[in-house]
1. For the range A:224-255, which positions are without any contact (Cβ under 8 Å) to a residue 12 or more places away in the chain and either under 30 Å from A:GLY34 (Cα atoms) or assigned to a loop (DSSP other than H, G, I, E, B) (or both)?
2. Which residue pairs have Cβ atoms under 7 Å apart, sit 6 or more places apart or on different chains, and have a first residue in the range B:221-236 that is within 14 Å of chain A (Cβ to nearest Cβ) and a second that is among the acidic types (Asp, Glu) and within 14 Å of ligand 1 (Cβ to nearest atom)?
3. Of all strands (runs of 3 or more DSSP E) completely enclosed by the range A:1-92, which ones contain at least 3 residues that are more than 16 Å from ligand 2 (Cβ to nearest atom) and within 11 Å of chain B (Cβ to nearest Cβ)?
4. Give the number of residues within the range A:20-69 that are within 15 Å of ligand 1 (Cβ to nearest atom) and open to solvent by 40 Å² or more (accessible area, probe 1.4 Å).
5. Taking the residues in the range A:114-138 that are within 27 Å of the chain's Cα centre (by Cα) and surrounded by fewer than 16 Cβ atoms within 10 Å (Cβ to Cβ) as candidates, determine which candidate is nearest to the other protein chains (Cβ to nearest Cβ).
6. Looking only at the range A:93-113, filter to residues that are of a type in the set (Asp, Glu) and more than 8 Å from chain B (Cβ to nearest Cβ); which one of those is surrounded by the fewest Cβ atoms within 10 Å (Cβ to Cβ)?
7. Does B:TYR62 fit the bill of being open to solvent by 10 Å² or more (accessible area, probe 1.4 Å), away from chain A (no Cβ under 13 Å) and not small (Gly, Ala, Ser)?
Amino acid sequence: MIATEGLTRRFGDLVAVENLDLVVAKGEVFGFLGPNGAGKTTTIRLLSALIAPDAGTGTVAGLELGRQNRAIRQRVGVLTETPGLYKRLSVGDGLLFFARLYSVPDPAREVERYLRLFDLWDRRRDLAGSLSKGMQQKVAIARALVHDPAVLFLDEPTASLDPEAAKVVRDLIETLRTKERTIFLCTHNLDEADRLCDRVALFKRRLIALGSPQELKEGRYGRRTVVHLAHPRPGLEEALRLPFVKKVERVDGKLLVSLADPERQNPVLVRRLVELGAEVQFVNELRYSLEDLYLDLLEGSDAAH
Amino acid sequence: MRRISVILFKEWKESLRNKMILFGAIFLPLLMVGAAVAMVYQGRTSGPPGAEVALFNTALMYFLILPVIIPLAIAVYSIVGEKEQGTLEPLLATPISDWELFVGKALVSVLPAVVLTWGSFGLFLGVSVALLGRIPPHALTAPWLAAVFGLTPLLSLFSVGVTMLVSSRATDARAAYEFSSLAVLPALVPLIIYSTRKTIVSLGLVAVEGVVLLVGSAVVLYFAIRMFRREQILTRWK
Ligand SMILES: Nc1ncnc2c1ncn2[C@@H]1O[C@H](COP(=O)(O)OP(=O)(O)OP(=O)(O)O)[C@@H](O)[C@H]1O
Ligand SMILES: [Mg+2]
């Protein structure tokens, strides 16, 4: 649905996006993560045919960037960084305006549908400027969806939403995924990216890492089991040298055991510990968050420059 | 074409909620009509018949200022308002073309300017007839009618072009408004010429003014259109 090759964009001397190669499949929820100023919004603008690249090519929804920009804009929906609503128009009128610009066949019906979905139907006659920040964000999301785009770009969709509204948005993303819509999601909420995204890219002017959240974490940290013992004996690490154990460490009186296949190997490990007379209290998998990975990789990329 | 009318109706809906625009579009024309009527009413008895016609001509000039000032507030708001509310990016993300956006934004203020000017002119004539019982003979000459009907669209086009150009660069509405008011100057030139000659205008003068405005508008619109490209709007407008 999205494919780019060497996409590059400069602002004067500043390179905002450098040599971006990306392929996003149809129906994929793709997370685009990176620190402030990384070039995420610039990438969205490039991919939604709002600004032109200085170098590189790309296709979006099967259409070529630069040649079929107008058709691309018809097929993609963009939730911009700020809601950008017409404050002097009513919520309903503002959405109708966009539905008509997108030539939606039955604009009033679509507007009603999305306003109801976001619980804003009762507010349709209120001026957009009178809504709370989170409600404005919901209207902006409705605006991005009103023409049923094949590709949806979301620039920090849940940034100003309360937990309930954020959940509505996340559920919506799940629904759109099942309807084979492609979603390009920029977010600073790493937990959200971890839960929602099929794959994530870590980006700071250029791609730093790319893969499913699980792959990325395992690739960097492997899988580890934490064992809490009541009275850990010294020297237990040495006694645990089983053939499949890659590494054993002792941290704060707990054992950290690196394993390739914990589902099969943990039972053997625990049996061995019991044989050695250890009193096992808890056995957990050590889980890394996407945040750990994010911070780690960014630090690495800074050090590399 | 359809998208242009979508833009037009949205802008007008917004404008109706903006006091500054309503002031410019309704109060000012009424004020002008009032002033013009007062002038010809005062001249109804005093002086020789020639004076009455001269006063009438001066009153007619007011209707050459209206097409310049009516669109100012609408045009400023239709650009600066989008900038201030951060609405340009979602708008540019739609399939609207740069050209449709530009034409839409221009017509938003040109159309009301022309319609309201002609409406005010009609109102002026109507009220004058009601008060004086007639329009003085030789007052409504062909050159005057040509000026009011022919120059009005050109004057407002020029004014709107200047305002769009200024507004695309301006950071706030007030600055845009003040700078754009300079567009009144070319409209004043014929007024000055007419008032010094103190005679009935000639078709030649109207034609010259028309050509000057046409060239001026073409130049201004040329630069305005260049400012109105997506890329420019998103990366240069502040
Ligand atoms: N119109 C512009 N003119 C000049 N520089 C720009 C422009 N737009 C973006 N930049 C620069 O490009 C870089 C990337 O900006 P961008 O807005 O894409 O970052 P981002 O990843 O979206 O950041 P954030 O998380 O803060 O939203 C920044 O250094 C920014 O200053
Ligand atoms: Mg951004």
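The values are calculated or read from the model by the stated rules, or taken from the named source; none is laboratory data. Please read these numbers as outputs of a predicted model, since none were measured by experiment. In this analysis, Cβ positions are derived from the backbone assuming ideal geometry, glycine residues included, and neighbour counts consider all displayed protein chains. Just the protein is used for accessible areas: all its heavy atoms, side chains included, with ligands, DNA and RNA removed. Shrake-Rupley method; radii C 1.70, N 1.55, O 1.52, S 1.80 Å.
1. We begin by selecting, within the range A:224-255, every residue without any contact (Cβ under 8 Å) to a residue 12 or more places away in the chain; these are A:234-235, A:238, A:241, A:243, A:247-248, A:251-252.
Within the range A:224-255, A:PRO234, A:GLY235, A:ARG241, A:PRO243, A:ASP252 qualify.
2. Final answer for the pair search is B:LEU234/B:GLU89.
3. Numbers: elements: A:2-11, A:14-24, A:29-33, A:55-60, A:76-79.
Result: empty, no element qualifies.
4. Residues flagged as within 15 Å of ligand 1 (Cβ to nearest atom) and open to solvent by 40 Å² or more (accessible area, probe 1.4 Å) within the range A:20-69 amount to 6.
5. Across the range A:114-138, the extreme among qualifying residues is A:LYS133.
6. Filtering the range A:93-113 for residues of a type in the set (Asp, Glu) gives A:93, A:106, A:110, A:112.
Next, only the ones that are more than 8 Å from chain B (Cβ to nearest Cβ) stay: A:106, A:110, A:112.
Numbers: A:ASP106: 10, A:GLU110: 21, A:GLU112: 15.
Per the criteria, the residue is A:ASP106.
7. On the way: open to solvent by 10 Å² or more (accessible area, probe 1.4 Å): yes; away from chain A (no Cβ under 13 Å): yes; not small (Gly, Ala, Ser): yes.
The answer is yes for B:TYR62.
The rows are residues; the columns are (1) modelled with pLDDT of 80 or more; (2) open to solvent by 40 Å² or more (accessible area, probe 1.4 Å).
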residue	(1), (2)
B:GLY133	yes, yes
B:PRO153	yes, yes
B:LEU191	no, no
B:ILE200	no, yes
